[in-house]
């Protein structure tokens, strides 16, 4: 019943009108009190089968309700009319005097009777007011009595008694006040009619400094005892409040856990009431969570906003109150399936967006920048305010400013269909302000935030309005970063999809990498021949087998010299045949290995008679594609970059040469396993190499160099362990002998 109050309380005065702010604070407090009392009344009578239990003064919300009614009557009293702010009894006395000439019908006699009874209960005006409020609530006559006071015939008396800025002199404020009090009329009260102060549960300790010093020495024993009792009571009540708050929090969490268990929803699937910084890093709900921070927006939010843009012509978007009966199933579907449902009413979709934004623990503008956003919206020069808002948005954490850009960009498109949906900037700002322009809600400031919700919604609406009107300028720096991130990701996609395709790209003799390999092998062969001549020893092979000792130029017919390739383990009949399996990818990897590893040619020469180098290198390329999840499969013919970004080795893809470097490392791992094996078998050594490369990349490396360091550390530890075992074996044999 209170959902429309935010719109009603938008101040018609300027944002600097302190009197208007005071009126709205009082009404906000009254609204909060009425809501608490109504909710408690329903909870109190849920299990009652013998009629409704009336509300008593010690019930939840009653103290705030009594004080709020009294504040409405006291606000704006003229100083000249009375010396005490509690003499609002003048208003009730005036109402009683006007009833004598009125037609005695309906509740009129009861109104006068209640005022007369209150006058007899106390000798002071303040006490009479308190008596009347209690008795009027018991008789459900508060709104009827105040409605009589606000009749046009009583305008002259109100002008003489109250200031022009008083709440009872503001037609808009009195309308809302009477509307709120009409809700209370439906409840049943049983308050003890007395002139004592309104009883309440204290929530904070008093200032004890006044109890120290000389005045404390002159206090009577009775006064001292009463003070100590009051302090003790306040401590106990503060403890009770704290325990109750913790119990409520625990019970709400437990209730949600039980509900989620019944629905099959796991804690990591939660979307609502979850920190945005956590949500955008959850790949279940954000497909770009690990790909780029400027692309990380919750999936359902993007899908929901896209759905609203398609149905932008729906009338009364963001202005229709939607019951939780329709919203809750959609929220459960989002959390259970990680996406927005296909067929949903547009009004429900808009309610889901508001629900999500309203229940982010840290609001989109963040609590630290709340005051700065408010100040920027209230600047006299709108251009200066827009410039400040642009700087503030740019200073937000990445996930917050990106989400704001997506939300406000979509809302701007929806506003473009104003002729169809009837939505305007002001109405949309009022709807969004409580969800976006707010501070983080904590246990300590919860009641204060609820009390100021109405006024702050009105102030925050201007912030949202400026962001909507100038979203093109305000979010342009963020939009540029998003465009740049999309271009980088598209380039990365094309780069990673290139590797499987390169396996099938044929190799030609005029390829630069082919000539680079041949030149490196020929240079190493000449070096071996020169060393053999210097030592007066026969060379590894005759220079008349087809490979010249001195090559002046690298020609195609020299590259095809099969004899040279075979001296380094490439056993195929032609040079190109060695790359039939691996294609261009194998060619580039071998060229990089020989170019960057000074001992690469030596390794090839040493293993020339042990295994076919072309087959081994081609197998290592296929192993790397499988280890890095870059090889297509029948079930997944194309790469899924959302799943790939979740792998611990995603960061190494930022290196343009990552695959070539990993190939060089895999060659060393393969050769090490071959060397350490007493009876090496090609298939078994290849499996061991694949297992070790998988183990290395699963260690969340930030670069390939980290993998190399891990591998060297592993070799060092393995060598130390082997040495220790050999030493122990020798010691054991000596001891036994």
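No lab work stands behind these numbers, since they all come straight from the coordinates. Since the structure is predicted, the reported quantities are computational estimates derived from the model, not experimental observations. Here the Cβ positions follow ideal geometry from the backbone for every residue, glycine too, while neighbour counts run over all protein chains shown.
Relative to the current alpha-carbon distance between residue 194 and residue 721, full extension at 0.36 nm per residue lengthens the span by 180.8 nm.
May I ask you to derive the FRET efficiency for residue 420 and residue 358 from their Cβ-Cβ distance with R0 = 30 Å, giving the value to the nearest 0.05?
Efficiency, rounded to the nearest 0.05: 0.70.
The label point for residue 121 and the one for residue 18, both projected 7 Å from the Cα toward the Cβ, are 3.5 nm apart. Spacing of the modelled spin labels on residue 504 and residue 398, each 7 Å from Cα toward Cβ, amounts to 3.6 nm. A simple packing score, the average count of other Cβ atoms within 10 Å per residue, orders the peptides 575-581, 121-127 as 575-581, 121-127, with the highest score first. Any idea what % of Cα-Cα pairs in segment 602-737 are farther than 27 Å? So the portion of pairs separated by more than 27 Å is 32 percent.
Distance between Cα centroids, segment 565-640 to segment 681-730: provide it in whole Å. Cα centroid to Cα centroid, the span is 21 Å. Maximal additional length on extending the residue 53-residue 270 stretch stands at 74.3 nm, based on 0.36 nm per residue less the C-alpha distance. Protection proxy ranking of 378-389, 279-290, by the mean of other Cβ atoms within 10 Å over each peptide's residues and highest first, is 279-290, 378-389.
Binning every alpha carbon pair distance of segment 635-708 at 10 Å from zero, what are the percents per bin? Percent of pairs per bin, in order: 18, 42, 30, 10, 0.
Compactness of segment 319-376 is given as radius of gyration and Dmax, 14.4, 41 Å, from Cα positions.
Using a Förster radius of 51 Å, what is the FRET efficiency between residue 185 and residue 413 based on their Cβ-Cβ separation? Nearest 0.05, please. For R0 = 51 Å, the calculated efficiency reads 0.70. For residue 472 paired with residue 681, estimate the spin-label separation in nm (one decimal), with each label point 7 Å from Cα along the Cα-to-Cβ line. In this crude spin-label approximation the distance works out to 7.2 nm.
Taking each residue as 0.36 nm, the span from residue 381 to residue 642 lengthens on full extension beyond its C-alpha to C-alpha distance by 89.4 nm. Put simply, the convex hull of the Cα atoms in segment 276-487 casts, on average, a shadow of 11.8 nm².
Could you tell me the calculated FRET efficiency between residue 165 and residue 277, based on Cβ-Cβ distance and R0 = 45 angstrom, to the nearest 0.05? E between residue 165 and residue 277, to the nearest 0.05, is 0.55. Of 278, 617, 340, the sequence from fewest to most neighbouring Cβ atoms within 10 angstrom is 278, 340, 617.
Extents of segment 497-734, taken as max minus min of Cα coordinates on every principal axis and listed largest first, are 62, 54, 27 Å. Here segment 388-431 yields Rg over Rh of 1.08, to two decimals, using C-alpha coordinates and the Kirkwood radius.
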